[in-house]
Every structure is written in structure tokens, then in C-alpha cells.
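A.B. asks: Pasting a structure here, questions to come.
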């Protein structure tokens, strides 16, 4: 950390914007700014910074009345940009400039959720791996093609620049910053106080509700909708490309070409993705043993399920079930 107990306190600036979600604004304040009995003083001087034009209100009616403004960012040791109100809007120019200046002056700069759009607009993520909420993947990639965007991780830490995925991933990132500043023991103790995991396994993929487009919404002129519906109804069967082609009454090469045009992948990969999606639903809503989940999803045995599931979702089926088990089943 830039300073330790007995020396200048570590100046940590939280830059708020109009309509910012109150949860993301509160995360760094709670983690870095609260003195907890029985824990050592962490040495952070947390300041909530408004635009120079004056206080703004976050979502939920919170208004920071502190007199600090974005000008303080140039003197900060750490700058945290919480989520913004609307990721499709251009970030405030004064905040973008202040974040850029803070980094140039040696500050560690972090974003929570859609705050990554501010860091990207400031040029801090060009040529670097970064993340934000999976919902914004397409928008982020379109606007910032020079960023190596990774929608699958909970956070990315380059030391001087850090980005996190949506909402609670901001807690993961802030705990990682505490660990970097004070060591894993302090971060683990703090995590226990927060009743939060010190380090979560897997990535964002386990939280993405993969959309399954209805037959009428399938793109492409070949009209694959009825065939895709038929494949979904036969997930448990050991379908081959030849069998699917016969069902469609086309040659295998024609089927593969039409799949690429309509859904952007091969029949085999599309089928595996649908089987993993079905396995997710079974793990969430049933008590079926993993072996039977694998069978009903068409993934053979438990070992094959674990391989495909972990590759696609980022966690093992058993871990996924513990996290997402629907109450009442």
C-alpha cells in the first residue's frame, strides 16, 4: 500500500456519478472505510468525490454531501469508479479526464461493474485484459475494440488498473485489493466479517442465464427453427451430425454450412451448449444424482458432464448445484 500505519494514510477516492447504483457506491466505503472492532486499522482515508459542479444523487436516494470533488483524484493513492447509471451513455468527460490524470500521477485505479466504461474511455484499458458485467459484453466490445475484454472472470488485476464484473464481484475485487495491501490473513479475516468468501471459484459464466432463442427468432434465411426445436426435444439421445442431417433432409455439409450461417457455430457445439444448459436447469431444480443429470442431458456419464460443464460454466456441477439450488425442490 502507498502508506502504512504511522505514516500518511492511504488516500482512497470513490468517484460517484449521477444515478450510480447505491450498492456499488457502498462497497468500497464499507470495505475500506469502516473500522471494525478486533481488527487492525487498515489505514485508508476514504473520500467520496462528486463532480466539481456539485453533489449528485445515486440510485436509492443517496447523496454524498462531502466537499471533495474529482479534483481530489489527482492526489489519490487509489481511485475507485463504481458502476454508472447507464453503460450506453458516454461517461462524464470531467471524470474521464480526472481518472486519466490520477493514473498518470501513479494512482491505482479500479472500476466496479460498468465503471469499466470510464476506465476504457480514459484509455487505461487499451491493449489490456479487462472485464465488466456480462450483460455489457457486446456494448463494451463494440465501443472499445482495443481492450482485451474477458466476460468470463470475476475481476482482472493488473496492479495499477483493476476491473470487476457485476455487483457482488466488486466485493471480490475490493477484498483482493486489501489482500494486496495487507496480506491474505487480513483479507480473509475481513471476508469472514463480511460473511463473504475470501476468494470465489469460477467466473461469470456460472451466473449467465444463457438465452435460448425461440424458433421464430433464429437468424438466417434457411429456417432452422423447427430443426433446432427437434434437437432440443432429443437432447438425451446420442445424436450425430448424420442423424440431424437426415432429419433436416439435407447433406451433412449443407447442414454444417446452414448452422454456421444461422447460429454461428457447428451442430455439435450447439448441441453441447444446449445439453449443458439443460443440465444447469436439472441441477437447479431437481435432486437427481449427477449421473442421471448427465444421462437426461445427453452428456453420457458423470465424468463427461463434469468436463463439458466445467469448461462452459467455470465450476463443477456439484459446486453449481450448491450455489444455485432452487428452494423447495
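Please treat every number below as a calculation from the coordinates, not as lab data. Predicted, not measured: the structure shown is a model, and the values here were computed from it. Cβ: placed from backbone, ideal geometry, glycine included. Neighbour counts: every protein chain shown.
A.B. asks: Sorting 144, 62, 259 on the 10 Å Cβ count, fewest up front, what's the list? Before the final figure, lay out each step's value.
C.D. replies: Working: 144 19, 62 15, 259 25.
Going from least to most buried by this count: 62, 144, 259.
A.B. asks: For the chain, take every pair of Cα atoms, bin their distances at 10 Å starting from 0, and report each bin as a whole percent.
C.D. replies: The distribution over the chain is 6, 22, 26, 21, 15, 9, 2, 0, given as percents.
A.B. asks: Taking only DSSP H segments of four or more residues, each worth -39500 (n - 2.57), what value at 222 nm results for the chain once the sum is divided by all its residues, to the nearest 500 deg cm²/dmol? Mind showing how you got there, number by number?
C.D. replies: Numbers: 13 runs with 136 residues, N = 329.
Value at 222 nm, helices only: -12500 deg cm²/dmol.
A.B. asks: Another one. Among 53, 114, 58, 164, which comes first, then next, by fewest other beta-carbon atoms within 10 Å?
C.D. replies: 53, 58, 114, 164
A.B. asks: Here's a follow-up. Mind giving me the FRET efficiency for residue 322 and residue 243? R0 is 45 Å, r the Cβ-Cβ distance, nearest 0.05 is fine.
C.D. replies: On the way: r = 36 Å, r/R0 = 0.80.
Calculated transfer efficiency: 0.80.
A.B. asks: Ordered by packing density, taken as the mean number of other Cβ atoms within 10 Å over each peptide's residues, highest first, how do 313-320, 116-123 rank? Could the numbers behind the result be given before it?
C.D. replies: Values: 313-320: 19.2, 116-123: 24.2.
Descending mean neighbour count gives 116-123, 313-320.
A.B. asks: A further question on this structure: Mind ranking 188-194, 276-282 by how tightly packed they are, going by the mean number of other C-beta atoms within 10 angstrom, highest first?
C.D. replies: Working: 188-194: 16.4, 276-282: 19.7.
Result, highest mean Cβ count within 10 Å first: 276-282, 188-194.
A.B. asks: Mind giving me the nanometre distance, one decimal, between the label points for residue 93 and residue 185, set 7 Å out from Cα along Cα→Cβ?
C.D. replies: Each label point lies 7 Å from its Cα, and together they span 5.1 nm.
A.B. asks: Related question: Would you please put 69-81, 236-248 in order of how densely packed they are, using the mean number of other Cβ atoms within 10 angstrom per residue and starting with the highest?
C.D. replies: Output ranking for 69-81, 236-248: 69-81, 236-248.
A.B. asks: Sort 103, 158 by Cβ crowding within 10 Å, fewest neighbours at the top.
C.D. replies: Values: 103 19, 158 14.
Ordered by Cβ neighbours within 10 Å, fewest first: 158, 103.
A.B. asks: Here is a follow-up. Suppose each label sits 7 Å from its Cα in the direction of the beta carbon; what would the residue 194-residue 269 distance come out to in nanometres?
C.D. replies: 3.6 nm
A.B. asks: Moving on. On full extension of the chain, what length is gained from residue 148 through residue 85, given 0.36 nm per residue of separation minus the C-alpha to C-alpha distance? Can you show the working numbers first?
C.D. replies: Working: separation 63, 0.36 × 63 = 22.68 nm, distance 2.36 nm.
The span from residue 148 to residue 85 would gain 20.3 nm if fully extended.
A.B. asks: If you wrap a convex hull around the alpha carbons of region 215-324, what volume per residue comes out, as a whole number of Å³? All intermediate terms of the calculation are to be shown ahead of the outcome.
C.D. replies: On the way: hull volume 11.1 nm³, N = 110.
In region 215-324, the Cα hull volume divided by residue count equals 101 Å³.
A.B. asks: Taking a ≥ b ≥ c as the square roots of the eigenvalues of the Cα gyration tensor of region 94-143, is the shape rounded (a/c under 1.5), prolate (a/b larger than b/c) or oblate? Intermediate results must be reported in sequence, preceding the final value.
C.D. replies: Working: a/c = 1.99, a/b = 1.97, b/c = 1.01.
In terms of gyration-tensor shape, prolate.
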